[in-house]
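Presented below is the structure to which this report refers.
The values are calculated or read from the model by the stated rules, or taken from the named source; none is laboratory data. From a predicted model like this one, the values you see are computed outputs, not experimental measurements. Backbone-built Cβ (ideal geometry, glycine too); neighbour counts: all protein chains shown.
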Amino acid sequence: MSYENITTTQKERVHYITVNRPKQLNALNKATIQELHEALKSAEADENTRVVILTGSGEKAFVAGADIKEFADFDTENGKQLAAEGQKKLFDFIENLSKPVIAAVNGFALGGGLELAMASHIRIASDNAKLGLPEVSLGVIPGYGGTQRLSQLVGRGKAMELITTAGMISASDAQNWGLVNHVVPQEELMALAEKIALKICNNSGNAIKSAIKAVNANYQASVNGYEVEVAEFGNCFGTPEFIEGTTAFIEKRKPKFK
Ligand code: CO8
């Protein structure tokens, strides 16, 4: 499929998605959200894909937020619809994808950009990255899950400070806060993302899918995460990947998962 606002490539079992609107610092307009949705849906369906790496084009920005010019004249109903649709098509969609998504944060991750990184399963950043939720400086609040996911990742106190000050933090502060897992020089960012992706590829895709579901269950109010864990644990037994994984251990060899 051809896209206007993103690029995609496949290298072995890793699928790369790059937001490609460098003139707008990769800001997310509706069309980009739709294309990201399509690309992620294809990656989910593609048997060859085991992990997705998501990044932004250029050296300045991962994603500098939702496209402010697109929503500047929206009213309440338009605003609600934009947020609800975006959450469903992209942010919740990523969080619930059965394959891990690694956000390689290569510069500004602001507003919807930080929300995109936070919806991803793993976040790493280049040392020039700046992260923040500046929405209150525009007269709105984070609308793509930021008020919820930032609190989950860094705790309520730090989330309140970052959101109410509309400030930006450095990559190293983000690492200290637990918002990103690793920080490296920009030229090493993709190599690190690939290293993590390849480690993931060595493991059972079926078990990873169950693990994502169980971890996410902790953050769903109406769901008992321990019950989901028990159910998903049980579902792994007897699967071809379970048989391969346990047999390989007993035979003292590395497992070969399809
Ligand atoms: N939307 C649209 N265009 C943008 C955005 C954006 N978020 N960010 C940057 N751009 C554009 C600029 O307008 C500029 O375009 P032009 O050259 O045509 O004027 C170009 O990108 C380059 O930007 P700057 O000249 O501003 O570059 P600087 O290096 O001076 O500054 C910054 C870089 C600090 C990143 C600055 O661009 C900035 O502050 N950007 C906005 C950041 C922001 O506020 N993000 C949050 C947006 S709101 C949001 O994400 C809400 C999410 C929830 C929405 C829910 C649905 C409503």
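Answer yes or no: is there a residue in segment 31-52 that is assigned to a strand (DSSP E or B), away from the ligand (no atom under 16 Å from the Cβ) and in contact (Cβ under 8 Å) with a residue 12 or more places away in the chain. Looking for residues that are assigned to a strand (DSSP E or B), away from the ligand (no atom under 16 Å from the Cβ) and in contact (Cβ under 8 Å) with a residue 12 or more places away in the chain, one finds at least one in segment 31-52, hence yes. Looking only at residues of segment 76-113 that are among the charged types (D, E, K, R) and either at pLDDT below 95 or touching a strand residue (DSSP E or B) at 6+ places or on another chain (Cβ under 9 Å) (or both), we find that the one that is nearest to the ligand (Cβ to nearest atom) is Glu95. Pairs are defined by a Cβ separation below 7 Å, a sequence spacing of at least 6 or placement on different chains, a first member in segment 15-26 that is in a strand (DSSP E or B), and a second member that is within 9 Å of the ligand (Cβ to nearest atom); the pairs so defined are Val19/Asn26; Val19/Val63.
Determine which member of the set Leu179, Leu192, Leu153 is farther than 30 Å from Ile243 by Cβ and in a loop (DSSP other than H, G, I, E, B). Talk me through it step by step, then tell me what you get.
Working: Leu192 fails: in a loop (DSSP other than H, G, I, E, B); Leu153 fails: in a loop (DSSP other than H, G, I, E, B).
Testing whether each residue is farther than 30 Å from Ile243 by Cβ and in a loop (DSSP other than H, G, I, E, B) leaves just Leu179.
Entry remark, segment 222-245: residues being farther than 21 Å from Ala119 by Cβ and assigned to a helix (DSSP H, G or I) number 15 in total.
Only one of the numbered conditions (1) surrounded by 13 or more Cβ atoms within 10 Å (Cβ to Cβ); (2) on the phi < 0 side of the Ramachandran plot; (3) at pLDDT 95 or above is violated by Thr246, and that is (1).
The single condition among (1) in contact (Cβ under 8 Å) with a residue 12 or more places away in the chain; (2) in a helix (DSSP H, G or I) that Tyr219 does not satisfy is (2).
Restricting attention to segment 58-67, the residues that are within 10 Å of the ligand (Cβ to nearest atom) and either surrounded by fewer than 17 Cβ atoms within 10 Å (Cβ to Cβ) or among the aromatic types (Phe, Trp, Tyr) (or both) total 1.
Can you find a residue that is under 30 Å from Glu232 (Cα atoms), in contact (Cβ under 8 Å) with a residue 24 or more places away in the chain and either more than 16 Å from the ligand (Cβ to nearest atom) or of a type in the set (A, V, I, L, M, F, W, C) (or both) anywhere in segment 132-144?
Checking segment 132-144: not a single residue is under 30 Å from Glu232 (Cα atoms), in contact (Cβ under 8 Å) with a residue 24 or more places away in the chain and either more than 16 Å from the ligand (Cβ to nearest atom) or of a type in the set (A, V, I, L, M, F, W, C) (or both).
Once segment 189-212 is narrowed to residues that are charged (D, E, K, R) and touching a residue at least 24 places away in the same chain (Cβ under 8 Å), the residue that is farthest from Pro255 (Cα to Cα) is Glu194. Of all positions in segment 110-121, none carries a residue that is touching a Phe, Trp or Tyr at 6+ places or on another chain (Cβ under 6 Å) and in a strand (DSSP E or B).
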